[in-house]
Amino acid sequence: MKLFQCQCCGQVLHFENTVCLSCGRSLGYLPGPDRMVAVEPDGALWAVADAGDPQRWRFCKNWERSACNWMVRETGPDYCEACRHNRTVPDLADPENHRRWQRIEMAKRRLIYTLCRLGLPRPTLGDGHPEPLIFDFLADDPGSVQRVLTGHAGGVVTISLTEADDAEREAMRTRLGEAYRTLLGHFRHEIGHYYWDLLVRDGGALDAFRAMFGDERADYAAALDRHYQNGPPAGWEATHVSAYATMHPWEDWAETWAHYLHMVDTLETAAALGIQIDPGVDNHGQLTAEIDVNPWRAGDTGRLLAAWLPLTVALNALNRSMGQPDLYPFALAAPVQQKLAFVHDLVMTRQG
Ligand SMILES: [Zn+2]
Ligand SMILES: [Zn+2]
Ligand SMILES: [Zn+2]
């Protein structure tokens, strides 16, 4: 994620900001030009402050629910580029539902930002696309023992509201023995399944996929049972990015895809902050990097990984200084790096 700047007062702005803390103006994100701008009311609409621009804007309808800071053109649809994929949101009359949903929306906007920057297709319902991208954000029914499951099927990404509760999500992470579990991580994983449909299955890349990740026609239900009964095979770290990735080729793909999105977003943030890693004791240069890579247009993953690996070591060391768990509790073995390169190459060649 890049840093933004208030065009009126020069204040540094973050992607999630809704008000400029320096000049007090409302802020809106314009997804097309990828700008965060200070805006001023103009009748029922909004104008970019100090711009002399005749174009008028509206906030996304979810702005009224304090759940979005993106804008649409005066004549555009009610919902922004991120929110028009929502099919179901929970009952917002329940304040706890509302709070959880706001957290989900925040993670979702970061996901959509990355998809926009990567130039990936994002068809919506009504586009005529056979598999539009749809989000269902669902709360558990208190009258039922059935729990909402986070997952993807045929273009529909379902996120359980429970995942927006820190205590419940952490309890689940511990129970499942996972190293990392976040809302944003869920979005990045599930959208990986979606782009498998678009880029691999429908993109003529099945043979190359199977050569790299294995044959996805393997029985999924049996694989799931095996994984939860026996756990991952010993030594999985040498071939897979996470234990869960060993379960089935589809999950290996989705986990690898999620890591690719972790990497490009975090590298853009580090580059925007001008971060350099230059430890005095690093005689071999393995932990030294100037993070000046443009992750959206990198020719190959070599430069991305050359920046990413030292950055993650530095971030983990900083977290340990604060008594926090490692920020990036993963190691990227050579076969995992090859899978990341596969994802990167597919994204770069299939940008829509
Ligand atoms: Zn300002
Ligand atoms: Zn929106
Ligand atoms: Zn999955």
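The values are calculated or read from the model by the stated rules, or taken from the named source; none is laboratory data. From a predicted model like this one, the values you see are computed outputs, not experimental measurements. Reconstructed Cβ throughout: ideal geometry from the backbone, glycine too, with neighbour counts over all protein chains shown. Calculation scope for accessible area: heavy atoms of the full protein, side chains included, ligands and nucleic acids excluded. Shrake-Rupley method; radii C 1.70, N 1.55, O 1.52, S 1.80 Å.
Brief remarks on what is shown
- Distance cut-off 19 Å, percentage of C-alpha pairs in segment 4-80 lying past it: 26
- GNM on the chain, alpha-carbon springs under 10 angstrom: the most fluctuating residue among Asn319, Asn283, Asn97 is Asn283.
- Sorting the Cα pairs of segment 85-181 by distance into bins of 10 Å, from 0 upward, gives 14, 42, 33, 11, 0 percent per bin.
- Scanning residues 5 or more positions from Val19 or on other chains, those with amide H under 5 Å from its amide H are Leu27, with H placed 1.01 Å from N in the peptide plane.
- Stokes-Einstein D (µm²/s) once Rh is taken as the Kirkwood radius of segment 204-352 over alpha-carbon pairs, at 37 °C in 0.692 mPa s: 196
- Calculated [222 nm] ellipticity per residue, helices only, for the chain: -12000 deg cm²/dmol; basis is -39500 (n - 2.57) per DSSP H run with n ≥ 4, divided by all residues, nearest 500.
- Each residue of segment 171-181 was assigned a 3J(HN,Hα) from its phi angle through the Karplus curve 6.51 cos²θ - 1.76 cosθ + 1.60 (θ = phi - 60°); the sequence is 4, 5, 4, 5, 4, 8, x, 8, 7, 8, 8 Hz, with glycine and proline shown as x.
- DSSP-defined beta bridges in segment 82-198 - what % are antiparallel, rounded to 5: 30
- Whole-percent pair-distance distribution, where bins are 5 Å wide, for the alpha carbons of segment 1-47: 5, 24, 34, 23, 11, 3, 0
- Working note: Karplus 6.51/-1.76/1.60 with θ = phi - 60° gives segment 24-38 the couplings x, 6, 5, 10, x, 9, 9, x, x, x, 6, 10, 9, 10, 6 Hz, where Gly and Pro are set to x.
- Percent carbon-and-sulfur accessible area, the chain, ignoring ligands, DNA and RNA, probe 1.4 Å: 51
- Dipole in debye (nearest 20) - segment 201-246, about Cα centre, beta carbon charges: Lys, Arg +1; Asp, Glu -1: 40
- Only beta bridges with both residues in the chain are counted; by DSSP, about 75 percent of them are antiparallel.
- For Asp94, solvent-accessible area (1.4 Å; no DNA, RNA or ligand), Å²: 60
- For segment 243-316, the alpha carbon convex hull comes to 109 Å³ per residue, rounded to a whole number.
- Debye equation applied to the C-alpha atoms of the chain, log10 I(q)/I(0) at 0.07 Å⁻¹: -0.32
- Segment 100-192: relative contact order in percent, alpha carbon pairs under 8 Å with at least 6 residues between: 28
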